[in-house]
Structures are given as structure tokens and as C-alpha cells.
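Worksheet: the structure to be examined is printed underneath.
The values are calculated or read from the model by the stated rules, or taken from the named source; none is laboratory data. Worth saying up front: this structure is predicted, and the values here are computed from it rather than measured. Methodologically, a virtual Cβ is constructed for each residue, glycine included, from the backbone with ideal geometry; neighbour enumeration extends over all protein chains shown. Side chains included, ligands, DNA and RNA excluded: accessible areas come from the protein's heavy atoms. Shrake-Rupley method; radii C 1.70, N 1.55, O 1.52, S 1.80 Å.
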Amino acid sequence: MKNLFDPIVVEDTRRRVLDLRPENKRQWGSMDLAQTLAHCTSGVEMAMGVIHPKRAPFPASLIGVLIKPLVFRDDKPMRRNSPSSPELFSAKPSELDCIHERSRLVAAIDNFANRGPEGCSQYPHPFFGPLKPEQWAILMYKHLDHHLRQFGV
């Protein structure tokens, strides 16, 4: 499965992020490009233990544990308009700049990949619960791929 511990996948993902331009139009969802880039950076920071979102309330927490095996069994992309933790969204979305957020995301991807499995969060994922480092790497790829496809790259 594709994951952000694979140098080839990391390089391809970086290239796709760098291909994003302010004129890229979203195919679904409500976030603009700068908001999406900041959201993706927060997701990678969560995977490294920088951000600790609260666990989803019941019954979402139970549903997450039940569908976790389905998410990690293949490279099937994430569904459109999937819910996310509020902590992964910028408090001031109108103050975000695409070029700056793109650079922050590339740096976060590189940091995650360079730190490897030892750099993954020990905190549970807000929806899926505890994850192994390989699962964090798969989920980060899937999350980034989801939003890159959202903007046509």
C-alpha cells in the first residue's frame, strides 16, 4: 500500500503539492486551496504528535474502530466530504496564503518521512483510535491524495 515512508511516494506527493497553484479549482468540498493546505499540514502534524485532537464522541468513535480494517486493507481513496476533527482546521482561514501554506505542507511531509516510524504519534487518531506507525503513514498518504485529487493534481 502507498505510504509516506516510501521515498518514491513521498517524492510523487511532494511534486503534486508543488504543482498546486492558487488558480486550481476544487472539485468538491468547501475549503479553498490555502485552507486545504493548512488542514493537510495539521493532519501531518497530528501524525507526528504535534497536535492532539480530542477523540470523536460516541458513536463516531465506535464506527471508526469498526471501519478501520476497511481503510487499511487497500489503496482505495477516501470518500469525498469525509468528516474531520475541528482541531485540524485553521482558526483564521481568511489570513492564509497559498504559497506559504504549500511550503509548510512540503516541509511537514519531509519531516514526517525523515523521522520515520519512530516519529509517529503515540496518541490515538480521533476517529480510528490507536494506529501503528505504518498505519499513520498510509493514512497520511490517503489524506493528502484525497485533497490533492480535490484540486485536480
Which one of the conditions (1) within 24 Å of Ala137 (Cβ to Cβ); (2) surrounded by fewer than 11 Cβ atoms within 10 Å (Cβ to Cβ); (3) touching a helix residue (DSSP H, G or I) at 6+ places or on another chain (Cβ under 8 Å) does Gln27 fail to meet, given that it meets all the rest? (1)
Filtered residues of the range 130-153 (kept if part of a loop (DSSP other than H, G, I, E, B) and aromatic (Phe, Trp, Tyr)): Phe151
Thr13 is checked against (1) outside any loop (DSSP other than H, G, I, E, B); (2) surrounded by fewer than 15 Cβ atoms within 10 Å (Cβ to Cβ) and fails just one. What number does that condition carry? (2)
Scanning the range 107-118 for residues that are in contact (Cβ under 8 Å) with a residue 40 or more places away in the chain and in a helix (DSSP H, G or I) gives Ala108, Ile109, Asp110, Asn111, Phe112, Ala113, Arg115, Pro117
Checking the conditions here, which among Arg73, Arg104 is of a type outside the set (A, V, I, L, M, F, W, C), open to solvent by 80 Å² or more (accessible area, probe 1.4 Å) and not in a helix (DSSP H, G or I)? Arg73
Confirm whether Pro83 is within 26 Å of Tyr123 (Cβ to Cβ), open to solvent by 90 Å² or more (accessible area, probe 1.4 Å) and under 13 Å from the mean Cα position of the chain (by Cα). yes
State whether one or more residues within the range 135-142 are touching a residue at least 12 places away in the same chain (Cβ under 8 Å) and loosely packed, with under 14 Cβ neighbours inside 10 Å. no
The range 1-55, residues that are in contact with a Phe, Trp or Tyr (Cβ under 7 Å, 6 or more places away or on another chain) and among the small types (Gly, Ala, Ser): Ala47, Gly49
How many residues does the range 98-153 hold that are touching a Lys or Arg at 6+ places or on another chain (Cβ under 7 Å) and of a type in the set (Ser, Thr, Tyr)? 1
Restricting attention to the range 36-70, report how many residues are in a loop (DSSP other than H, G, I, E, B), out of contact with any Lys or Arg (no Cβ under 8 Å at 6 or more places or on another chain), open to solvent by less than 70 Å² (accessible area, probe 1.4 Å) and within 19 Å of Ala137 (Cβ to Cβ). 3
One residue is enough: does the range 22-35 have a residue meeting the conditions more than 22 Å from Arg79 (Cα to Cα), assigned to a loop (DSSP other than H, G, I, E, B) and of a type outside the set (A, V, I, L, M, F, W, C)? yes
Among (1) in a loop (DSSP other than H, G, I, E, B); (2) more than 17 Å from Ser82 (Cα to Cα), where does Phe127 come up short? (2)
